[in-house]
Amino acid sequence: MVKENQYSVVAQEAYQNIIQNRMSFENAWNTATEKVITSKSSRDKGCPRATFIGLCESGNLKDIPWTNESKSKNYAYAKFAVMEWNRNKNIPKKEMWSLVQNEFGTTASHQGQLDIVLGLFENLNKL
């Protein structure tokens, strides 16, 4: 679909931290960001973290059981994108973000949520 960026790599690394090392969602994310991202401000971004944790908590990732239905708007954006990409894997990321904006009535800029989805796509259960 799209080339990897730092957040898609972090998501994959964090997922492996959970599966292989049995880390908590938060610890897995923080460990992966420390390993992959050099910029402190990029490591501290809340939207990608909330998206990743929401996908984990809500049981949307293979081999990670449901613990809580996330109320995060970032998770909602990701969940919508997963459903749309499951219907049509050829939607470009920029077009997908426009669909998200229209669906949720937001003018927010893309903050890494879709990169998380793309990084985890092979391990996402069909929503």
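Remark: pairs (first residue in the stretch 43-54, small (Gly, Ala, Ser); second residue open to solvent by less than 30 Å² (accessible area, probe 1.4 Å) and part of a helix (DSSP H, G or I); Cβ separation under 7 Å; 6+ apart in sequence or on different chains) = 50/74; 50/75; 54/74; 54/75; 54/78. Flag not set for residue 85, criterion: open to solvent by 10 Å² or more (accessible area, probe 1.4 Å) and either outside any helix (DSSP H, G or I) or in contact (Cβ under 8 Å) with a residue 12 or more places away in the chain (or both).
To keep it simple, each residue is scored yes or no on (1) under 22 Å from residue 10 (Cα atoms); (2) charged (D, E, K, R).
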{"residue": "76", "(1), (2)": "yes, no"}
{"residue": "79", "(1), (2)": "yes, yes"}
{"residue": "90", "(1), (2)": "no, no"}
{"residue": "110", "(1), (2)": "yes, no"}
{"residue": "116", "(1), (2)": "yes, no"}
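Condition check: exposed (fewer than 12 other Cβ atoms within 10 Å of the Cβ) and under 22 Å from residue 44 (Cβ atoms). Does residue 109 satisfy that? Yes: the conditions hold for residue 109.
Can you find even one residue in the stretch 61-68 that is surrounded by 13 or more Cβ atoms within 10 Å (Cβ to Cβ) and at pLDDT 95 or above?
Checking the stretch 61-68: at least one residue is surrounded by 13 or more Cβ atoms within 10 Å (Cβ to Cβ) and at pLDDT 95 or above.
Would you be able to say whether some residue in the stretch 53-72 is of a type in the set (S, T, N, Q) and farther than 14 Å from residue 117 by Cβ? Yes: one or more hits.
The values are calculated or read from the model by the stated rules, or taken from the named source; none is laboratory data. Only a predicted model underlies this, so the values are computations on that prediction, with no experimental measurement involved. Neighbour counts run over all protein chains shown; Cβ positions are idealised from the backbone, glycine included. For the accessible areas, the whole protein counts, side chains as well, though only heavy atoms, and no ligand, DNA or RNA atoms are used. Shrake-Rupley method; radii C 1.70, N 1.55, O 1.52, S 1.80 Å.
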